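Here the structure is laid out as structure tokens; the discussion comes afterwards.
The values are calculated or read from the model by the stated rules, or taken from the named source; none is laboratory data. These numbers come from a predicted model, not from an experiment. Using ideal geometry, Cβ is built from the backbone for each residue, glycine included, and neighbour counts are taken over all protein chains shown.
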Amino acid sequence: MQVDTRTLQVQDYDGLVETMRRAYPQMSEYVWSKKSIEKLTKIFPKGQICITVDGKLAAVALSIIVNYDEFGDDHTYSDITGNYTFNTHSSTGNVLYGIEVFVDPEYRELRLGRRLYDARKELCEQLNLKSIVLGGRIPNYHKYSDELSTREYIRRVRDKEIYDPVLSFQLSNNFLPIRVLKKYLPEDESSKENAVLLQWNNIYYSKKPNTMQDSIIRLGLVQWQMRHFKNIDAFYEQVEFFVNVMGDYKSDFVLFPELFNTPLLAPFNKLSERDSMIELAKLTEQIKAKISELAISYNVNIISGSMPVFDSDNNDLYNVSYLMHRDGRIDEYRKIHITPNERKYYGMKGGNEIKVFDTDCGKIGLVICYDVEFPELPRILADQGMKILFVPYLTDTQNAYMRVRHCAAARAIENECYVAIAGCVGNLPGVNNMDIQFGQAAVFTPSDFAFPSNAIKGEATPNTEMTLIVDVDLNLLKDLHYNGSVQILKDRRNDLYETYLK
């Protein structure tokens, strides 16, 4: 058996008539005229779709494009088709309107209707249309119209208490009922002239297709080797080396590790840990300005790991990450959860703000190391639209690293996002409290069919200085949210619990 999906041709008209009469025997006198099919295939050939089985026409879907705002949610079939002239079709419209679907009963076991709907959805996405809208018949309603309102009938069909061959099928194909259309199709006696206005939304739709961001985002992660630098210029040289490499590979983001500039603590090693970190903090503004220049020069967004910031007015020391946009803007995030080690040796304080950052690649989130072990923070960011979470970290032992790694992987699954982590590796003798490091950069994904089976998009070799460059597709996240095997963000019981900022 050969099943083919293709555009409908005028030459298919005789087969269309035969198939339509078999599909709608009770409405056999209402058959599309050849003139109508000729016009549809002329004004919108891509929208007229058919399926053949062993060369015989077996199913047909007809559609037009309309400026839906001109009609709204209260219209008739005659309104939307221009009294069957199709003068309402507009190549600059925003909605694909389904005007007909039928399948030869001989082939209904092949689920050809689903193929037609899938073809329509693909066309809607290709043409960057906002949605598919249609007035769906409810042919079994006449059996219940004496006892049920149309609203109650729709509810029972939705709850699978009643089967309707059209509405049940449309609901199973992710079309949402909007309202009941009265006197939609007067000749449809079995539906009592009613129809259900149904809509399927194109999650990839963009109002500005010419400026729509690319869905493929390239992440560059730096697995930074701790080493001594003879001066700050040598440190800048190493930073620029990595930014240059990532720029050459057209990365959209470069992620450095937490406190990656701590080799510059070496000249202050005779001081206490806190005092030496305060001295290092005096270099932060200079380093921040330099890395911002690199972001602009190499046309890449840089997440500068983290660096210490000292508030002399309040005598407070913070662990701060900066997002250096390639257009020169700078955002900052202050680590919220301070580890016992940071409190003990540096007397660090936690920040008080959690928010997503708007970038030229969409909304991203940023947390530092220990923060990722608190699932509430990324969940709040996910609710704000985050698609990629960046986690610079600094871990001394393998078990400390594994805490960060496993928590980051969990955050990717539960928040339907990508999570990128990068840390320092190697040893740093001669710097108090920074002597050993363990790290392995990685990018984690949700766990579903569209993603790697182990939910790891890429990972570096442990404890070796290197880069990890990974492409992630934001459209896969959209598809997961609406069509995933599980839909975590949508299925939360917000009637029982919620996560919010105070």
Exercise. Is one or more of the residues making up the stretch 105-123 under 29 Å from the mean Cα position of the chain (by Cα), assigned by TED's automatic domain parsing to the domain that holds Ser168, in a helix (DSSP H, G or I) and farther than 23 Å from Ala23 by Cα?
Worked result: yes
Exercise. Given Arg403, Arg411, which one is within 30 Å of Met226 (Cα to Cα), surrounded by 15 or more Cβ atoms within 10 Å (Cβ to Cβ), in contact with an Asp or Glu (Cβ under 8 Å, 6 or more places away or on another chain) and modelled with pLDDT of 95 or more?
Worked result: Arg403
Seminar exercise, completed: Cβ pairs under 8 Å, 6+ apart or interchain, first in the stretch 425-438 and in the same structural domain as Tyr393 (by TED's automatic domain parsing) and in contact (Cβ under 8 Å) with a residue 60 or more places away in the chain, second of a type in the set (Ser, Thr, Tyr) and in a loop (DSSP other than H, G, I, E, B), ordered by first then second residue, are Val425/Thr464; Gln437/Thr395
Exercise. Got at least one residue in the stretch 177-186 being assigned to a helix (DSSP H, G or I), free of Cβ contacts under 8 Å to residues at least 60 places away in the same chain and surrounded by 17 or more Cβ atoms within 10 Å (Cβ to Cβ)?
Worked result: no
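Matching residues to (1) modelled with pLDDT of 95 or more; (2) within 16 Å of Ser306 (Cβ to Cβ); (3) over 35 Å from the mean Cα position of the chain (by Cα):
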{"site": "Val243", "(1), (2), (3)": "yes, no, no"}
{"site": "Asp248", "(1), (2), (3)": "no, no, no"}
{"site": "Pro257", "(1), (2), (3)": "yes, yes, no"}
{"site": "Ile278", "(1), (2), (3)": "yes, yes, yes"}
Seminar exercise, completed: Requiring at least 1 residues that are surrounded by fewer than 16 Cβ atoms within 10 Å (Cβ to Cβ) and of a type in the set (A, V, I, L, M, F, W, C), the strands (runs of 3 or more DSSP E) wholly within the stretch 313-398 are 330-334
For this session: Scan the stretch 1-17 for residues that are of a type in the set (Asp, Glu) and either touching a residue at least 40 places away in the same chain (Cβ under 8 Å) or assigned to a strand (DSSP E or B) (or both) and report the count.
Result: 2
Problem set entry | Members of the stretch 118-161 that are crowded, with 20+ Cβ neighbours inside 10 Å, in contact (Cβ under 8 Å) with a residue 24 or more places away in the chain and out of contact with any strand residue (DSSP E or B) (no Cβ under 9 Å at 6 or more places or on another chain) | Tyr141
Seminar exercise, completed: Residue count, the stretch 162-176, condition in contact (Cβ under 8 Å) with a residue 40 or more places away in the chain and in a strand (DSSP E or B), comes to 0
Exercise. On the given criteria, is Leu294 assigned by TED's automatic domain parsing to the domain that holds Val419 and more than 23 Å from Phe444 (Cα to Cα)?
Worked result: yes
Exercise. So which residues in the stretch 482-498 are modelled with pLDDT of 90 or more and either touching a Gly at 6+ places or on another chain (Cβ under 7 Å) or not charged (D, E, K, R) (or both)?
Worked result: Gly484, Ser485, Val486, Gln487, Ile488, Leu489, Leu496, Tyr497
Exercise. Of all residues in the stretch 414-436, which are at pLDDT 95 or above and within 19 Å of Gln223 (Cα to Cα)?
Worked result: Tyr418, Val419, Ala420, Ile421, Ala422, Gly423, Cys424, Val425
Exercise. Within the stretch 223-236, can one find any residue that is more than 27 Å from Leu428 (Cβ to Cβ), surrounded by fewer than 19 Cβ atoms within 10 Å (Cβ to Cβ) and touching a residue at least 40 places away in the same chain (Cβ under 8 Å)?
Worked result: no
Exercise. Is the stretch 336-354 home to any residue that is under 16 Å from Leu255 (Cβ atoms) and at pLDDT 95 or above?
Worked result: no
For this session: Scan the stretch 339-368 and report the pairs whose first residue is hydroxyl-bearing (Ser, Thr, Tyr) and whose second residue is in a strand (DSSP E or B) and surrounded by fewer than 18 Cβ atoms within 10 Å (Cβ to Cβ), with Cβ atoms within less than 8 Å and a gap of 6+ or a chain change.
Result: none
Problem set entry | Tabulated pairs, the stretch 316-331, first over 19 Å from Lys282 (Cα atoms), second among the acidic types (Asp, Glu) and crowded, with 20+ Cβ neighbours inside 10 Å, C-beta under 9 angstrom, 6+ apart or interchain | Arg326/Asp252
Exercise. Is it the case that the stretch 130-142 has a residue that's in a loop (DSSP other than H, G, I, E, B) and touching a Lys or Arg at 6+ places or on another chain (Cβ under 6 Å)?
Worked result: no
Problem set entry | Residue within the stretch 417-437 that is over 25 Å from Asn261 (Cα atoms) and buried (at least 20 other Cβ atoms within 10 Å of the Cβ) present | yes
Seminar exercise, completed: Considering residues that are among the polar types (S, T, N, Q) and within 18 Å of Arg6 (Cβ to Cβ), the number found within the stretch 92-142 is 1
Exercise. Is it true that some residue in the stretch 40-54 is within 27 Å of Asp79 (Cα to Cα), in a loop (DSSP other than H, G, I, E, B), free of Cβ contacts under 8 Å to residues at least 60 places away in the same chain and in the same structural domain as Tyr107 (by TED's automatic domain parsing)?
Worked result: yes
For this session: Can you tell me which residue among Asn83, Asn87, Asn67 is surrounded by fewer than 19 Cβ atoms within 10 Å (Cβ to Cβ), of a type outside the set (Lys, Arg), under 35 Å from the mean Cα position of the chain (by Cα) and in the same structural domain as Val180 (by TED's automatic domain parsing)?
Result: Asn67
Problem set entry | For Leu265: the one exception among (1) surrounded by fewer than 16 Cβ atoms within 10 Å (Cβ to Cβ); (2) under 16 Å from Pro308 (Cα atoms) | (1)
Problem set entry | Residues of the stretch 268-281 classified as loosely packed, with under 13 Cβ neighbours inside 10 Å and not polar (S, T, N, Q), total | 2
